[in-house]
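Take a look at the structure set out below.
The values are calculated or read from the model by the stated rules, or taken from the named source; none is laboratory data. Keep in mind that this is a model prediction, so the values were computed, not measured. Methodologically, a virtual Cβ is constructed for each residue, glycine included, from the backbone with ideal geometry; neighbour enumeration extends over all protein chains shown. Surface areas here come from the heavy atoms of the whole protein model, side chains and all, with no ligands, DNA or RNA. Shrake-Rupley method; radii C 1.70, N 1.55, O 1.52, S 1.80 Å.
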Amino acid sequence: MGNLLRILSDKSHQPRPDFYLDFEGARPTEEEKEVYDEVAAVLESSKAILAELQSYTGASDEIRQAISNPGNDEMQKRAWDAVTPSVLHLKNYFEYSSSIESIVPKVFGFLTAGPESVLSRLEDHQAIAKQLAHILQFTLSFDDMKMTNPAIQNDFSYYRRTQSRWRMEGQSGEVVSNEMANRMSLFYANPTPMLKTVSDSTSKFVEENKDIPVENTGDVLSTLAELCRIMIDSPSHRERFQSPETVLFCFQVMVGNIILYDHTQPAGVFSKKCPIDIRQCVRLLQEGREENPDHQREIDSLINALKYTTKHLNDEATPKQVKQLLS
């Protein structure tokens with residue numbers, strides 16, 4: 001635990017090569033195994049869901065033609081037949097968000113409970129920290145794809161309008177129940193629905209576990225963000241990465257922790273009292289997009305996520321230098 005404490009208590013934020021959070025090779029101990037396996041079972045579907053979402057084309061053309069030709073029954077049927085498979089996919093993603101919601105408190109419960117400090121538990125239980133990192137990576141990736149694909153919202157809006165009209169006319173054709181459709185509407189109406197799911201689940205965890213110090217959850221997020229920053233910034237740490245993709249993973253996890261901290265901590269991530277060195281994090285992102293041309297789009301998305309999905313950036317108390325960095 002000493003190495004970790006020295007790194008994070010060093011106000012100069014100089015990275016030390018003797019500490020390494022092993023995102024690539026961390027394996028669960030017996031104590032971790034139950035929670036680790038439960039999270040792994042949920043995350044097993046995450047790559048397939050992201051792959052589906054990335055290739056999601058929707059039914060924009062068919063919907064446009066149906067709207068332009070309201071009296072053409074063939075075009076109405078073609079649009080409905082095109083949109084219903086998409087709605088079933090959207091239902092699957094929504095239901096998966098409930099699975100994510102269910103595992104978030106178990107991860108935070110493991111990392112914040114017990115007599116040890118949060119720092120000690122993170123160092124001693126890196127496999128669980130890795131699972132939290134994967135949850136946040138998935139969250140950012142899902143929301144980025146959702147925000148950049150208007151067909152998702154358009155498809156579901158068309159489905160709801162058509163379903164409502166048919167219900168009034170006494171026709172059938174319901175693909176999902178009305179109750180499910182209402183819940184899905186709330187989910188997809190949010191620009192970052194998976195972040196809201198994770199944020200709400202984190203806040204609920206804090207509210208329901210009064211025996212755990214409130215600051216512990218924020219400490220988990222700020223510590224992971226800082227460790228990712230240190231690992232990215234330290235050549236000796238980066239030399240230990242087995243895959244070039246690990247640099248991007250650390251960027252994603254760093255930003256995910258920053259955003260979740262900002263949504264769940266009252267003062268937010270841009271407060272002067274926040275232990276995350278936000279200016280250095282932004283600097284690393286800006287340098288990273290130049291140093292990693294193959295990942296410029298992904299890093300640009302992370303910078304945009306800090307600009308547009310954080311909660312407190314535009315607060316009056318946010319330092320002007322930080323606002324300028326993200327302007």
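Quick look at the numbers
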item: Surrounding net charge for residue 222, when Lys and Arg each add one and Asp and Glu each subtract one, Cβ distance under 11 Å; result: -3
item: Accessible carbon and sulfur surface of the chain relative to its total accessible area, %, 1.4 Å; result: 49 percent
item: Distance (nanometres) between label positions extended 7 Å along Cα→Cβ at residue 204 and residue 267; result: 2.9 nm
item: Partner aspartates and glutamates for residue 320 [C-alpha distance under 19 Å; skip if fewer than 8 residues away on the same chain]; result: 262, 277
item: Cβ-derived FRET efficiency at R0 35 Å, residue 186 paired with residue 279, nearest 0.05; result: 0.50
item: Span per principal axis, largest first, for the Cα atoms of region 41-97 (Å); result: 48, 17, 13
item: Taking the convex hull of Cα positions in region 198-327, its mean projected area over all directions (nm²); result: 8.4 nm²
item: Potential extension, residue 51-residue 102 segment - 0.36 nm per residue separation minus Cα distance; result: 16.1 nm
item: Per-residue ³J(HN,Hα) for region 47-60, Karplus 6.51 cos²θ - 1.76 cosθ + 1.60, θ = phi - 60°, Hz, x for Gly and Pro; result: 5, 5, 5, 5, 5, 4, 5, 5, 9, 5, 9, x, 10, 4
item: Given 91/130; 146/210; 47/77; 210/273; 272/323; 47/311, the pairs whose alpha carbons are separated by over 25 Å; result: 91/130; 146/210; 47/77; 47/311
item: Cα long-axis angle, helix 73-112 against the chain (0 to 90 degrees, to the nearest 10); result: 20 degrees
item: Per residue, in Å², the accessible surface of the chain once ligands and nucleic acids are set aside, probe 1.4 Å; result: 49 Å²
item: The chain: relative contact order in percent, alpha carbon pairs under 8 Å with at least 6 residues between; result: 20 percent
item: Length gained when the stretch residue 117-residue 41 is fully extended (0.36 nm per residue, less Cα-Cα span); result: 24.6 nm
item: Nearest 10 degrees, 0 to 90: helix 150-168 Cα axis against the chain principal axis; result: 40 degrees
item: Using alpha-carbon coordinates, inclination of helix 245-264 to the longest axis of the chain, degrees; result: 80 degrees
item: Where labels lie 7 Å past Cα in the beta-carbon direction, separation of residue 88 and residue 327 in nm; result: 5.1 nm
item: Inter-label distance, nm, simple model (7 Å from Cα along the C-beta direction), residue 178/residue 315; result: 4.2 nm
item: Nearest-0.05 FRET efficiency for residue 307 and residue 24, computed from C-beta distance (R0 22 Å); result: 0.15
item: Longest exposed-site-free window of the chain, the sites being GluC sites (Glu not before Pro) in a DSSP loop that have at most 10 other C-beta atoms within 10 Å; result: 45-168
